[in-house]
Amino acid sequence: MPGHDETTLDTIKSLTNSEPFVSFRVIMTSGDRYLIEDPNALAITASQLHYYPRTGMGIHMRVNQVAAVEVEHQKPAA
């Protein structure tokens, strides 16, 4: 579904470039969930996302397998 892919990419690009940056989750059709905490560690291509967190291995996600994107809610300062 091409329209879905464009919308998903637009959403991810917008979240990645937002000021201030707010972490977000990429939810895959498999049920896997990936927290994007560093916009500088995310590479976006037309068909894939590549995320390299400071800890752990790189994560490679196909855009056509992304089911949803959820923005993390900022917790109020205590």
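A few remarks follow.
- Computed from backbone phi with θ = phi - 60° and the Karplus coefficients 6.51, -1.76 and 1.60, the 3J(HN,Hα) list for the range 21-36 is 5, 10, 4, 9, 10, 9, 10, 8, 4, 6, x, 5, 10, 10, 8, 9 Hz; x is used for glycine and proline.
- Over the chain, dividing the summed -39,500 (n - 2.57) contributions of all DSSP H runs of at least 4 residues by the number of residues returns a 222 nm mean residue ellipticity of -7000 deg cm²/dmol.
- Cut-off under 5 Å, modelled amide H: who pairs with I36 long-range: F24, R25, V26
- Rg then Dmax, both in Å and based on the Cα atoms of the chain: 12.5, 44.
- Sorting L49, L42, L35 by solvent-accessible area of protein heavy atoms yields L35, L42, L49, largest first, with a 1.4 Å probe.
The values are calculated or read from the model by the stated rules, or taken from the named source; none is laboratory data. These figures come from a predicted structure and were not determined experimentally. Note: areas computed on protein heavy atoms with side chains; ligands, DNA, RNA excluded. Shrake-Rupley method; radii C 1.70, N 1.55, O 1.52, S 1.80 Å.
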